[in-house]
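A.B. asks: Quick one: the structure is below, and I'll ask about it shortly.
Where a number appears in this text, it was derived from the coordinates with a stated rule and is not lab data. All figures in this text were calculated on a predicted structure; none of them were measured in a lab. We place every Cβ from the backbone using ideal geometry, glycine too, and count neighbours over all the protein chains shown.
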Amino acid sequence: MSKEPGSIDRREFLGSAMLAGAGAAALSASAQAQAPSSAPREQQRPLPLSGGNFAPLRAEVDVRDCVVEGKIPSDLSGGFYATGPDPQYPLAKGNILFDGEGHVRIFRIRDGRVDYRTRYARTERYVAQDKARRSLMPMYRNPSLDDPSVKGLSRSTANTHVINHKNMILALKEDSPPTAMDLNTLETIDPVFTFDGQLPRTQPFTAHPKVCSQTGNIVAFGYEAKGFGSDVVAVFEIDKQGKKVWGTEIKVPYVGLLHDFAVTENHIIFFVIPLAIDYEQMKRGGIHWSWDKDRKTYFGFFRRYGDGKDLKWIEGPARSGTHTMGAFEDKGRIYLDTEITAGNPFPFMPNKDGSPPDLAASTSYIHRLSANLNGRNKGYSIEKMYPLIAPLPRQDDRYNTMPYRYGFMACPDPNEPDRAKAGACYARVDNQTRTFKLWNAGNRVSLAEPVFAPKSPTAREGEGYLMGVAYHLDQGLRSDLVILDAEHLEEGPIATVRLPVQASPQVHGWWVREDQYPV
């Protein structure tokens, strides 16, 4: 099957991501960073999605006063947190790495020094399996196969994203409530955190909440909100003190993966994709989702703080969009910038019709979707923005709910069509000029999703530092934290924090500023 020169299919991409220890799902961002096939045998490891096995880390790590090359900027102080799937016990045949336990880490940066720590989230599932010394929930989001002893326990793995709230880190998995962990020690405080009982214990909580740019409130949602397979989505907002200040419920056209969403000053945006619940597959012992190419996508939006009755769904062809870069409103239109694939974004998830993975169709590019807020829409508009393969775009998170200019991502070098030569890059895109800057780390490195840290709470948009973990494919996956000036990526790292070990897996990460820590 043909594909664009220099493109990389999602299976190779994900294989390289896991090879680099970046976890299980579109986690690292450059399959181009995979060691070329001509590399010496000791430098190669089998790709987990092409016949090999992913070896879990299964170790909690503390490294005090990490070795730093260069100099940590004096105005960079806080914590870079991340989580990713690291299986507690071997995965069952047919299961996927999305089902590994959440392994949370922090790079704590203060006074020019860095301490590194990792801890497993002690979810109810983790604790029960640790006590039983075996897996008790053996298939990804298929509770029919669970051991009877775990009936009523949360199935959360806390392995997808992290966000800070009230001096805690909330480790997130979208089928369950958050797991609350201590901001400094990463010890688990509450395995099923319900905001003091304001959310039901069974209420799913998105892996991608948005922090309101004006209020600092957390805007979130949970799909399958009325029970397993429900078409109801609960949408709600929680203020900085932990009080639920708004909520409503909507219905989706069908039960599909709602991994991410978008929030503007006035609206909530959803993009329903045909990675849909598959009951027959689950009856056969399989996972929750399969790709149904015969279903449509639906671009939907409704008024924030309303009752959801004004919800509009706009139909489009089968395609996928799972990670938001940003969203905004302008002159009567609403805009969503997200990564889009033409087909199944996760080739390790089955196609409903039994067809093999369409690897070219699983390649992600950033697109802009838009629609009229008040007019009649025959379809939503879609525009490809950049030639960058970027499944995990990010922004300056202070702009989650307002117009924004800059985005950040990891990607293969778009200027090198030869995959064996192209290197793993961090990119900064300028949505105003439609230009981008790159730092190329080389082709012996895999780069995980970066996070942006502003120089101060009042710094200009994009004024600050971009940080990400580099996994060295020719050093047994030994890892570094690289710190770059976000406005001058092309100049390379200002500082490199060297770990003596492989970093724990990562899906998504989050930056906590020093002023957000308890005194």
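A.B. asks: Helix-only mean residue ellipticity at 222 nm, the chain, DSSP H runs n ≥ 4 weighted -39,500 (n - 2.57), per residue, nearest 500. What is it?
C.D. replies: Value at 222 nm, helices only, nearest 500: -1000 deg cm²/dmol.
A.B. asks: Separate question: Count neighbours as other Cβ atoms within 10 Å of each site's Cβ, and list the trypsin sites (Lys or Arg not before Pro) in segment 363-456 that are DSSP loop with at most 14 such neighbours.
C.D. replies: Answer in residue order: 376, 378, 421, 434.
A.B. asks: Another question about this same structure. Calculate one ³J(HN,Hα) per residue across segment 395-406 by plugging θ = phi - 60° into the Karplus curve 6.51 cos²θ - 1.76 cosθ + 1.60, and present them in order as whole Hz with x for glycine and proline.
C.D. replies: For segment 395-406, the Karplus-derived couplings read 9, 5, 5, 5, 10, 4, 10, 8, x, 9, 10, 10 Hz, x marking Gly and Pro.
A.B. asks: Taking 0.36 nm per residue of separation and subtracting the Cα-Cα distance, what length does fully extending residue 519 through residue 240 add?
C.D. replies: Additional length available on full extension: 98.8 nm.
A.B. asks: Right, another one. Let me know the Kirkwood hydrodynamic radius for the chain, please, with Cα pairs as the basis and the value in Å to one decimal.
C.D. replies: 22.7
A.B. asks: OK, next. Does segment 150-192 come out rounded, prolate or oblate by the C-alpha gyration tensor, with a ≥ b ≥ c the root eigenvalues, rounded set by a/c under 1.5 and, if not, prolate when a/b is larger than b/c and oblate if not?
C.D. replies: Since a/c reaches 1.5 and a/b is larger than b/c, the shape of segment 150-192 is classed as prolate.
A.B. asks: Are there trypsin sites (Lys or Arg not before Pro) in segment 111-186 that DSSP puts in a loop and that have at most 16 other Cβ atoms within 10 Å, and which ones?
C.D. replies: Here the sparse-neighbourhood loop sites are 133, 134, 151, 166.
A.B. asks: Applying 1/(1 + (r/R0)^6) with R0 = 22 Å to the Cβ-Cβ distance of residue 315 and residue 279, what FRET efficiency is obtained, to the nearest 0.05?
C.D. replies: Taking R0 as 22 Å, the efficiency between residue 315 and residue 279 is 0.40.
A.B. asks: Which of the GluC sites (Glu not before Pro) found in segment 247-291 are in a DSSP loop and have at most 16 neighbouring Cβ atoms, other than their own, within 10 Å?
C.D. replies: For GluC sites (Glu not before Pro) across segment 247-291 that sit outside H, G, I, E and B with at most 16 neighbouring Cβ atoms in 10 Å, the list reads 265.
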